[in-house]
Every structure is written in C-alpha cells, then in structure tokens.
Amino acid sequence: MKNVHQGYPTENLARFLKAREWNVPKAHKMLLDSLNWRVQNEIDNILAKPIGPTELYRAVRDSQLIGLSGYSKEGLPVFAIGVGLSTFDKASVHYYVQSHIQINEYRDRVILPSASKKYGRPITTCVKVLDMTGLKLSALSQIKLLTIISTIDDLNYPEKTNTYYIVNVPYIFTACWKVVKPLLQERTRKKVQVLPGCGRDELLKIMDYASLPHFCRNEGSGSSRHSENGYENCYSLDHHFHQQLYNYIKQQASKREPVAPIKHGSFHVDLPEPVAEGTEIAKTIESELHKFGNGNGISGSLNGLKINND
C-alpha cells in the first residue's frame with residue numbers, strides 16, 4: 001500500500017473519490033480493484049523488471065515518446081509526450097504497457113516524493129505537455145494500444161495529472177477534438193488546454209524556460225522526435241531522466257537477483273477491458289479519422305497491432 005500512497009494516504013483516498021465523483025461505495029470498490037490489480041500483476045515488483053537487451057529498450061524509447069523535461073514553478077513534474085510521432089511499432093504491446101507502468105511507478109515512488117521533500121509539501125500530481133506534431137491518419141493503428149494505456153491509468157492511477165497542455169495542433173486533431181470533447185467528463189475537460197502554436201508563451205507562465213519541452217522552445221520547431229538547435233531531447237534514452245530510470249530498474253533487479261543473471265522478456269500485465277467512456281471515445285476518434293481517410297485502405301489498420309508476439 002505504501003507504493004500507492006507514498007506517505008500521503010489522505011491525498012491518495014481523495015484521488016479515488018474525485019475519480020468517482022465523491023461516491024464513497026464506488027470509490028471504495030475502485031480502490032480495492034486497483035489494489036487487487038497490483039497484487040495479481042505484481043506491480044510492486046515492476047521496477048525490478050528491466051526491458052532488455054538495451055537495444056530493445058532504446059527501440060521502445062524511440063517509438064514511445066515520453067520524458068521528464070523539468071518542473072513547474074509550483075514543483076510539479078512536467079512530462080512531455082510525443083503523441084503525433086510515437087509509432088509503437090518496434091516491440092509488442094506488452095513492452096509498451098510495461099514501460100508505461102514503470103514510468104508511472106517511478107513517478108509515484110521516486111519523482112513525486114523527491115519533489116515533495118524539496119518543496120516541503122505533498123506534491124502528488126504532474127503536468128503533461130502533449131505534442132501533436134506529425135499526427136496522421138496512421139494514428140488509427142495506435143488507438144487500441146492507447147485505449148489500453150489510458151484505461152490502466154484511469155482505473156489505477158486516477159487524478160495524477162493536474163493539467164494536459166496540447167500543442168502543435170494540426171487540423172486533424174482539431175476535428176477530432178470537436179467530437180471527443182463533449183464525451184469527456186467535465187472534470188477531465190477542465191484539465192485540457194489546447195494552446196496556440198508550440199505553446200511556449202503560455203507554458204512560460206507556469207514553468208521556467210529550462211523546463212520547457214524541446215518542441216515548445218521555438219515556434220515552427222518541427223519534429224518532436226529530435227531536439228532542435230542542441231536542445232535536450234527528453235524522449236531519448238540518453239537523457240538524464242531515462243538514464244536515471246533505467247539504472248534504477250537495473251539496480252532494483254540486481255538487488256532481487258544478486259547472483260542469477262537478470263532475466264529479460266516482457267512483464268505481462270493483464271490488459272484491461274476499456275471502460276464504456278473510453279470505448280465510445282475510441283470509436284468516435286476512429287470514425288472521425290475514417291472520414292479523413294475516405295476509405296483509402298485504413299479500415300483494417302487496427303489489426304496490425306502486435307499483442308502476443310514478444
């Protein structure tokens with residue numbers, strides 16, 4: 001349980017209550033279900049399960065674009081996510097799910113407690129900056145995986161994100177957002193802010209320049225996969241955040257198995273059935289993307305997702 005509340009049980013209970021609109025029986029069931037999920041899938045041990053060899057983990061990092069770019073002025077961790085350029089095509093779904101949960105757990109067990117200690121108060125949420133650069137019709141093939149990941153977050157890591165800032169928005173996103181926004185709960189809608197351009201000016205109101213994700217530093221900076229003008233790319237395995245995370249996982253693994261060699265292979269987590277709201281949103285996005293595709297061979301693209309092949 002300590003891995004869930006990190007010394008702040010009241011704040012932890014409040015997260016589950018908020019997620020269930022302060023309905024105590026529903027929040028209680030949600031919390032118990034989440035604890036059972038953790039036990040059944042050995043989530044407490046996931047930070048001792050490295051994805052390897054290193055070449056495979058680097059491929060995961062290059063195709064699942066996420067990183068810690070810095071902290072807000074209030075001390076909240078700022079996570080950058082390359083939604084438009086993440087391809088999720090270098091490994092099986094299980095590796096991407098494992099990596100996502102590992103980042104969640106490292107955030108909750110290491111990043112947030114360190115921030116709380118530094119600022120002398122409970123810091124239990126983060127800020128996310130979503131870069132839509134490169135968003136294309138091919139995103140249709142990723143809806144299934146993204147729905148799995150968002151369902152895991154909704155059910156087991158509720159109310160961990162303070163605000164979602166969406167930047168570098170192409171027309172295809174604007175069209176999808178119009179139809180998806182009404183489907184979101186009001187609590188979620190209030191957290192989403194779609195910013196003009198790369199969002200630099202707005203984001204500088206809540207964070208220093210050094211904490212800006214690299215794709216927010218220049219208007220028209222282009223690709224979010226690579227850093228521009230020497231700016232640090234927080235997606236890269238070579239970035240200090242990912243180096244710290246990767247070394248932490250390897251250290252935890254060696255503590256658990258000090259003699260035997262570290263075993264590689266994906267850490268299989270039961271993939272949840274999407275909740276009704278998530279399913280409806282996914283179907284709506286898929287329908288909207290199909291309108292853009294005009295039936296140009298994208299209808300079967302969901303079938304190309306690798307699930308069982310490690």
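The values are calculated or read from the model by the stated rules, or taken from the named source; none is laboratory data. Predicted model only: the values in this text are computed from it and were never measured. Here the Cβ positions follow ideal geometry from the backbone for every residue, glycine too, while neighbour counts run over all protein chains shown. Just the protein is used for accessible areas: all its heavy atoms, side chains included, with ligands, DNA and RNA removed. Shrake-Rupley method; radii C 1.70, N 1.55, O 1.52, S 1.80 Å.
A few remarks follow.
- Exactly one residue out of Val83, Val93 is in contact with a helix residue (DSSP H, G or I) (Cβ under 9 Å, 6 or more places away or on another chain) and open to solvent by 10 Å² or more (accessible area, probe 1.4 Å): that is Val83.
- Filter pass, Asn162 being in contact with a Ser or Thr (Cβ under 6 Å, 6 or more places away or on another chain), open to solvent by 40 Å² or more (accessible area, probe 1.4 Å) and in contact (Cβ under 8 Å) with a residue 12 or more places away in the chain: yes
- Checking the stated criteria, Lys73 turns out not to satisfy the condition of being at pLDDT 95 or above, out of contact with any strand residue (DSSP E or B) (no Cβ under 9 Å at 6 or more places or on another chain), among the charged types (D, E, K, R) and exposed (fewer than 15 other Cβ atoms within 10 Å of the Cβ).
- Residue ranges of helices (runs of 4 or more DSSP H) in the stretch 128-224 with at least 1 members at pLDDT below 95 and closer than 25 Å to Ser63 by Cβ: 143-156, 171-180
- Residues in the stretch 238-280 that are at pLDDT 85 or above and either part of a loop (DSSP other than H, G, I, E, B) or among the acidic types (Asp, Glu) (or both): Asp238, His239.
- Of residues in the stretch 114-156 being polar (S, T, N, Q) and under 12 Å from the mean Cα position of the chain (by Cα), the one least open to solvent (accessible area, probe 1.4 Å): Thr151
- Verdict on Asp44 being farther than 30 Å from Val167 by Cβ, in contact (Cβ under 8 Å) with a residue 12 or more places away in the chain and in a helix (DSSP H, G or I): yes
- Meets criteria (open to solvent by 30 Å² or more (accessible area, probe 1.4 Å) and among the charged types (D, E, K, R)) for Arg38: no
- Residue in the stretch 47-62 that is closer than 17 Å to Asp153 by Cα, modelled with pLDDT under 95, not basic (Lys, Arg) and not in a helix (DSSP H, G or I) present: no
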